[in-house]
Amino acid sequence: MNMLSNLSVSEKRLVSLAVILCIILGGWQFILKPIFKAKSQSESQYSAALRDYEIVQRALPRLTPSTSQSGTQQAFNRGALIEAARSVNIAISRVQPTANGELQVWFDETTSTQVFNFLQTLKGQYGVDIRTAQINRRQDGLVSAQFTFRPISTNKA
């Protein structure tokens, strides 16, 4: 502070003003701007996820029931999920049961046709509801997806 004591009153004011401006600009650049950017990104991700979910919900009723000719649906469990994915050549990355009897499944590097065939198989043979859906299209045209399925027998309407 010895350096400031040698300055005149007007010089001290100019240095103080420069310090205040640096603090304001630094606060904008490193605090406020990232907050606004994160909010904008989260809003666009939410709207994209909602749009994907609505697309899946609209397309699912139009899918015809597959190989279930007896009219009865098979029990839905982890093995049934894996078998349905195997029947349409989808490699599952991860399957995780939830506490309320739902199953979450993740897969990567598949086509959208395979995804809808997978959903058709599950709906036709096992009668499941889609609780959550997140489908991301990559640059190479393939998709990565995450779904949460709930067997109809555990629905609580």
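The values are calculated or read from the model by the stated rules, or taken from the named source; none is laboratory data. Values in this document were obtained by computation on a predicted structure and should not be read as measured data. Backbone-built Cβ (ideal geometry, glycine too); neighbour counts: all protein chains shown. In case anyone asks, the SASA skips ligands and DNA or RNA and just uses the protein heavy atoms, side chains included. Shrake-Rupley method; radii C 1.70, N 1.55, O 1.52, S 1.80 Å.
Could you give me D for region 1-66, from Stokes-Einstein at 37 °C and 0.692 mPa s, where the hydrodynamic radius is the Kirkwood radius over C-alpha pairs? Units µm² s⁻¹, please. Using the Kirkwood radius from Cα pairs, D works out to 194 µm²/s. Accessible area per residue for the chain, computed on protein heavy atoms with a 1.4 Å probe, is 69 Å².
Report the net charge of residues surrounding residue 135, where surrounding means a beta-carbon distance below 14 angstrom and charges are Lys +1, Arg +1, Asp -1, Glu -1. It works out to a net charge of 0. Expressed as a whole percent, the accessible area of the chain that falls on carbon and sulfur atoms is 57 (1.4 Å probe). Of the DSSP H helices in the chain, those that are both long (alpha-carbon extent of 24 Å or more along the helix axis) and hydrophobic (Kyte-Doolittle mean at least -0.5) are 9-27.
Compared with the rule-of-thumb size 2.2 N^0.38 Å for a compact globular protein, the chain has a Cα radius of gyration ratio of 1.81.
Counting charges near residue 152 (Lys, Arg +1; Asp, Glu -1) among other residues having Cβ under 10 Å from its Cβ returns a value of +1. Sum -39500 (n - 2.57) across every DSSP H segment of at least 4 residues in the chain, then divide by the residue count to get the 222 nm mean residue ellipticity, nearest 500. It lands at -14500 deg cm²/dmol.
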